[in-house]
Amino acid sequence: MILVPGLVVVIISFAFLGFQTSREFKYTKSLDIFFTLFRELNLYYVDETDPEDLVYTAIDHMLESLDPYTTFIPESDLDELNLMTTGKYGGIGSLVRKNGEYAVISEIYRGFPADEAGIRPGDIILEVNGQSIRNMPLEKVSDMLKGLPNTSVEILFTRPETEKPFRKILKRQVIHIPSVPYAGIIDEGIGYIRLSNFTRNSASEVKNAFLSLKKQADLRGLVLDLRSNPGGLLMEAVDISNIFVERGQEIVSTRGKVEQWDHTYRTRFTPVDTEIPLTILVNRSSASASEIVAGALQDLDRAVVVGQRTFGKGLVQTTRPLSYNAQLKVTTAKYYIPSGRCIQALDYSHRNEDGSVGHIPDSLISEYQTRNGRTVYDGGGIRPDAEVEPFPLSRIASHLYVQNLIFDFATLYALHHPDIPEPRQFSISDSTYRAFGRFIEDRNFDYLSETEETLKTLISHAKREKYYEPAAEEIARLQKIISHNKEQDLITFREEIENLLEEEIAKRYYYQEGSFAASLDHDNQIQAAVQILNDRAQYASLLQPDPHREIQTASRQK
């Protein structure tokens with residue numbers, strides 16, 4: 001009787017040893033095959049090969065078979081990693097965009113070298129350090145502008161309506177992009193904080209912004225805007241949640257294959273305010289750490305989540321050092337918010353035959369309960385408590401934006417107007433809108449409606465399949481009926497076009513915060529969040545269980 005357990009242990013031990021030996025043999029065998037193939041390829045391939053390029057290509061393809069968040073970071077790309085984690089980089093404090101053959105300054109950060117040198121959005125870069133950047137990829141132009149702090153860069157610019165190019169020598173600085181680009185009072189007693197990422201010290205920025213708002217007004221509610229926030233550092237998400245919930249509360253836990261990545265993260269500090277009504281704005285691009293904050297505060301019934309279902313990234317990455325200062329950013333765990341759910345939407349572990357991945361099927365989605373007993377779900381992002389879709393842009397407005405005509409008009413407007421009122425008081429006058437109409441007419445602006453593009457595709461198919469000729473007259477009549485009227489569209493969609501103009505023009509005078517401020521009063525998702533905060537009965541009801549859901553659950557349990 002006593003020998004049997006011992007025998008089982010011995011058998012299991014030998015089986016485990018065999019498994020380990022098998023895995024080690026596969027490692028050794030695979031690496032040996034790769035090394036010999038690499039050696040033979042470099043020795044005998046007909047053309048010259050670049051060994052580094054071959055290895056990096058092999059690494060990238062290997063990691064593509066896993067998930068998009070497990071990536072190789074060579075030493076040359078470490079600046080990008082540092083920017084993602086710290087929000088800092090060495091540069092002149094501007095963003096660039098492509099506009100024709102050259103790069104154009106698209107945004108200036110307040111108080112940094114480009115701003116202090118008088119560079120403006122819309123200025124066109126002709127040369128960097130004496131080298132023409134004509135038709136140069138935008139990424140390369142951006143890299144040329146960046147560099148070590150206290151080093152200089154010489155840039156040749158031209159400005160619309162300016163005859164001669166002008167040259168600036170700028171000394172690079174450490175550029176810190178704030179995590180909170182805007183905070184303010186947006187309604188009587190309602191505060192608003194926009195959080196754009198979760199870099200180092202994001203929690204301190206949110207806390208300071210919140211304390212500042214509390215000094216400015218007797219706050220009755222707060223909107224925390226996490227829309228299009230891609231996430232970042234996990235501990236910043238925990239500490240931001242801590243601003244609104246008590247110390248010692250579990251916010252997120254991680255579980256992975258290696259036990260060292262299993263950890264429960266709890267709030268560590270005294271909160272700022274555990275009572276103020278709170279709404280959190282999210283959309284389909286709110287991911288990772290954004291989903292931890294929104295999901296944790298939803299699970300704890302501490303906030304009403306408003307907007308759209310979030311991205312659905314429930315995976316945690318850790319950076320591991322490699323040789324020659326390279327790094328591996330590797331997925332090491334999944335994260336779980338207080339109700340116990342993981343909100344990962346895509347299943348990378350079970351790929352389809354073609355290599356694609358699918359969403360977690362409904363049959364595998366489980367129900368969980370919030371602290372108050374509300375039903376929430378895993379497997380597909382954070383579902384908002386109040387679903388609000390953003391107003392879609394009309395075809396004409398989106399084309400005006402994409403074709404840089406909104407941007408270019410704002411550039412000319414700023415050249416001829418030394419100042420404008422505060423962003424929330426600024427509006428496009430009738431004369432300015434007429435000027436914009438003349439401006440786009442001079443640029444020969446035109447576009448196709450979605451219906452026209454669909455008909456264009458239909459005509460192409462009809463011609464290829466030889467059905468067009470018999471139907472040519474009918475198609476011509478249909479084209480005439482559905483043809484858009486540009487002048488009428490400028491009238492019909494004037495409000496949203498004006499909104500885009502106001503945001504872009506406000507940015508020229510009040511930087512990024514000006515653009516956010518100008519958008520507040522016509523952002524329907526923000527207005528919905530404010531309306532919920534102003535209606536205490538609605539706010540309270542959204543944090544309570546749906547009685548119909550309770551009856552159904554009780555019925556199943558019986």
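The numbers here are math on the coordinates, done by the rules we state, and not lab data. Please read these numbers as outputs of a predicted model, since none were measured by experiment. Because the Cβ atoms are built from the backbone with ideal geometry, glycine has one as well, and the counts that use them run over all protein chains shown.
Below, the figures for the structure above:
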read-out	value
By average C-beta atoms within 10 angstrom, highest first, the peptides 437-450, 173-186	173-186, 437-450
Summed residue charge, Cβ within 15 Å of P470's Cβ, Lys/Arg positive, Asp/Glu negative	0
Distance between region 162-200 and region 97-143 - C-alpha centres, whole angstrom	17
Computed [θ] at 222 nm, helices only, for the chain once each DSSP H run of length n ≥ 4 contributes -39500 (n - 2.57)	-13000 deg cm²/dmol
DSSP-defined antiparallel bridges as percent of all bridges, region 182-387, nearest 5	60
Cα-based shape type of region 292-369, given that a ≥ b ≥ c are square roots of the gyration tensor eigenvalues and the cut on a/c is 1.5	oblate
Relative exposure of H399, H350, judged by other C-beta atoms within 10 Å (fewest first)	H350, H399
Region 88-176: Cα Rg divided by the 2.2 N^0.38 Å rule of thumb	0.97
Sequence-distant aspartates and glutamates (8 or more away, or on other chains) whose Cα lies within less than 19 Å of K480	D446, E450, E452, E453, E469, D489
Total charge dipole magnitude, the chain, about the Cα centre, Cβ charges on Lys, Arg, Asp, Glu only, Debye to nearest 20	1180
Cα-based reach from K215 at 17 Å (exclusive), listing lysines while leaving out same-chain residues under 8 positions away	K207
Coil-residue trypsin sites (Lys or Arg not before Pro) of region 90-157, DSSP, other Cβ within 10 Å capped at 13	R110, R134
Residue (of Q260, A435, P392) at the positive-pole extreme of the chain, dipole from beta-carbon charges	Q260
Cleavage-rule hits, GluC sites (Glu not before Pro), region 70-123, DSSP coil, Cβ neighbours within 10 Å at most 13	E101
Residues D143, D301, sorted so that the one with the fewest Cβ neighbours within 10 Å comes first	D143, D301
Ranked list, fewest to most other Cβ atoms within 10 Å of each Cβ, for L412, L37	L37, L412
Viscosity 1.002 mPa s, 20 °C: Kirkwood-radius Stokes-Einstein D of the chain over Cα pairs, µm²/s	77
Set K29/K329; K146/K313; K456/K486; K257/K313; K98/K329; K98/K140 screened for pairs whose C-alpha atoms are more than 20 Å apart	K29/K329; K146/K313; K98/K329
C-alpha center-to-center spacing [region 285-320, region 429-473] in angstrom	41
Cα lying deepest toward the dipole's positive end in the chain, options I360, P121, P277, charges on Cβ	P277
